[in-house]
Amino acid sequence: MAKNILHETESSDFPSAVLVAVYSDNSKNEDDLDELAALLETAGGKAVARLIQYRPTPDIATYIGKGKLDELRELCENEKIELIIFDCELSPSQIKAIEDSVGDVRVIDRTMLILDIFARNATTNEGILQVQIARLKYTIPRLRGQGAELSRLGGGIGTRGPGETKLESDRRHVKSQIANLEEELRSLEKRRTLLRRNREESGVVQISVAGYTNVGKSTLLNKLTGADILAENKLFATLDPTTRKWVLPNVGEVVLTDTVGFIKNLPHHLVEAFKSTLAEVVFSDIILIVLDISSPDVRGQYEVTEEIIHSLFEKNKVEEKPVIYVFNKCDKVEGIPEETLGLGKRENAVFISASTGDGIDSLIEAVERTILSFKKKSVFLLPHSKAGWLDTLYKNAKVESVDYTEDGIVVCAVVDEKLHGQLREFEIRNYG
Ligand SMILES: Nc1nc2c(ncn2[C@@H]2O[C@H](COP(=O)(O)OP(=O)(O)OP(=O)(O)O)[C@@H](O)[C@H]2O)c(=O)[nH]1
Ligand SMILES: [Mg+2]
């Protein structure tokens, strides 16, 4: 796997870094860099200084202005800074121009940092491939034809074709690496699609858990299902979706799937690369959107989550999907903060603590209510040759009565839409 960018700086294991941002808006301040600092910490670095410039638009050549650049160089010298991280996506020429001005300090941007964390946290073949593809795509326009980049990516350098520059052959090499990885990923995606189809055909209600990174999605899944997914105070702890059974008191068995967390300005190569895992959200019957009520930016996190979820669906399809808003970490706040009232007033919002278990009952109730709203009571006449459906009904529906007759088995059951669709040909009556 690709080496960790932070630790390419040779001097220490925990490189000290300065965080840099440009704001056009005076209401923003150093606190807005907290998330970048948390990302850096997750990646194993340490923010020792923050530098902010207020200006209407970033400088085209160097992102920050000349005076600020001088300030940055001095800061790096005085504080022995090994790494400069910009809270944005820099163009390749900006990175070069900034590096030329500040001397011997490595410059990276927010996107590189996020890609780096993803690379460290991916554990399954699928996750590793997805991250590798995103990293290589990010790298193509940034290759400078000096050879260093490719060796850093762990690939050999392809033979140059006739008349081809070093840069062109490097690009060609990376593009063919991407094509090979995408081919590998496609075969894994087929497996995932098949698994999902099997789950769908089983008629079991699928629920996905989505939301901003670090809001407590995995903790919630562990609490509800007794799973032991890694949950920790780090960003992007979960990259690979985990699916677990969850038994609800009144509707029986459903499945819950944990998903990769979202973040603002999620690099588009990552969203693209993770499409197949995010499809778990698209194909689920209910989405639990988890929000961290104790975060000072819960509204921002809500907006980012809504935006990403909308982008996964075809136009207007998301409106049809039942969503339950789960305000988590209520143990960390007193009462419900004003900020969240507008978001939580919806009738499908619940307030819980995944750590203490407070409010879990209200979540169970909301999920059951939603499932029952798309279930209906029907009577089916199953031919004796199709008696196998009875097992499915016992497992995934509420069976109210069963009569064995000469014509077949007459079953009255409360079934969900999916199972209803599958059994339509046997239906002899329904109660709407
Ligand atoms: N106080 C408190 N902490 C919580 C609660 N739920 C989760 N946490 C903590 O929040 C941190 C993140 O939890 P995770 O479950 O890993 O969050 P996640 O949403 O799965 O995060 P990613 O997988 O990184 O996107 C951990 O340190 C949890 O212990 C809660 O209800 N109360
Ligand atoms: Mg998680």
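State which entries of Lys245/Lys321; Lys321/Lys377; Lys234/Lys395; Lys190/Lys375 exceed 26 angstrom in Cα-Cα distance in the structure shown.
Result: Lys234/Lys395; Lys190/Lys375 exceed 26 Å.
Quick one: order Thr219, Thr193 by neighbouring beta-carbon count within 10 Å, fewest to most.
On the way: Thr219 21, Thr193 13.
Ascending Cβ contact count within 10 Å gives the list Thr193, Thr219.
So how long is each side of segment 375-430 along the principal axes, counting just the alpha-carbon atoms, biggest first, in Å?
29, 20, 18
For segment 87-99, just list the computed ³J(HN,Hα) in residue order, Karplus coefficients 6.51, -1.76 and 1.60, θ = phi - 60°, integers in Hz, with x standing in for Gly and Pro.
7, 6, 10, 8, 7, x, 6, 5, 4, 5, 5, 5, 4
Alpha carbons only, please: Rg and Dmax for segment 6-116, in angstrom.
Both quantities, over Cα of segment 6-116: 12.8, 38 Å.
Hey, what number do you get for the chain at 222 nm if only DSSP H runs of n ≥ 4 count, each worth -39500 (n - 2.57), divided across all residues, to the nearest 500?
One gets -12500 deg cm²/dmol as the mean residue ellipticity at 222 nm.
For segment 14-91, which trypsin sites (Lys or Arg not before Pro) are in a loop by DSSP, counting at most 16 other Cβ atoms within 10 Å?
Answer by residue number: Lys28, Lys80.
Considering only the chain, what is the antiparallel percent among its DSSP beta bridges, to the nearest 5?
Numbers: 25 of 61 bridges.
Given both bridge residues lie in the chain, the antiparallel proportion sits at roughly 40 percent.
Explain nothing, just the number: relative contact order of the chain, from Cα pairs under 8 Å at least 6 residues apart, as a whole percent.
11
Work out the count of Lys pairs in segment 31-144 where the Cα-Cα distance is under 19 Å, with the pair 8 or more places apart or on different chains.
Total qualifying Lys-Lys pairs in segment 31-144 comes to 5.
Calculate how large, on average over all directions, the projected area of the Cα convex hull of segment 284-432 is; give the answer in nm² to one decimal. If you can, show how the numbers build up before the last one.
Working: hull surface 45.0 nm².
Convex hull of Cα atoms, orientation-averaged projection: 11.3 nm².
List the pair-distance distribution P(r) of the chain, using every Cα-Cα distance, as the percent of pairs falling in each 10 Å bin from 0 up to the bin containing the longest distance, rounded to whole percents.
For the chain, the binned pair fractions read 4, 18, 25, 23, 15, 8, 5, 2, 0, 0 percent.
Using only the Cα atoms of segment 204-372, construct the convex hull and provide its projected area averaged over every direction, in square nanometres to one decimal. Please report the intermediate quantities before stating the final value.
Working: hull surface 36.8 nm².
Computing the convex hull of the Cα atoms and averaging its projections yields 9.2 nm².
Jot down the radius of gyration and Dmax of segment 250-311, Cα atoms only, both in angstrom.
Spelled out, the Cα radius of gyration and Dmax of segment 250-311 are 13.2, 42 Å.
Using the Cα centre of segment 375-430 as origin and beta-carbon charges of +1 (Lys, Arg) and -1 (Asp, Glu), tell me which of Val379, Asn396, Val410 is placed farthest towards the positive end of the dipole.
The residue sitting farthest along the positive end of the dipole is Asn396.
In segment 281-432, what percentage of the DSSP-assigned beta bridges are antiparallel, given to the nearest 5?
In segment 281-432, approximately 65 percent of DSSP beta bridges are antiparallel ones.
For Lys332, give me every one of the aspartates and glutamates with a C-alpha distance below 13 angstrom, ignoring sequence neighbours fewer than eight places off in its own chain.
Counting by Cα, and skipping residues close in sequence, Lys332 has these aspartates and glutamates nearby: Asp292, Asp358.
Here, each number is a calculation from the coordinates, and none is a lab measurement. Nothing here was measured: the structure is a model prediction, and the numbers come from that model. In this analysis, Cβ positions are derived from the backbone assuming ideal geometry, glycine residues included, and neighbour counts consider all displayed protein chains.
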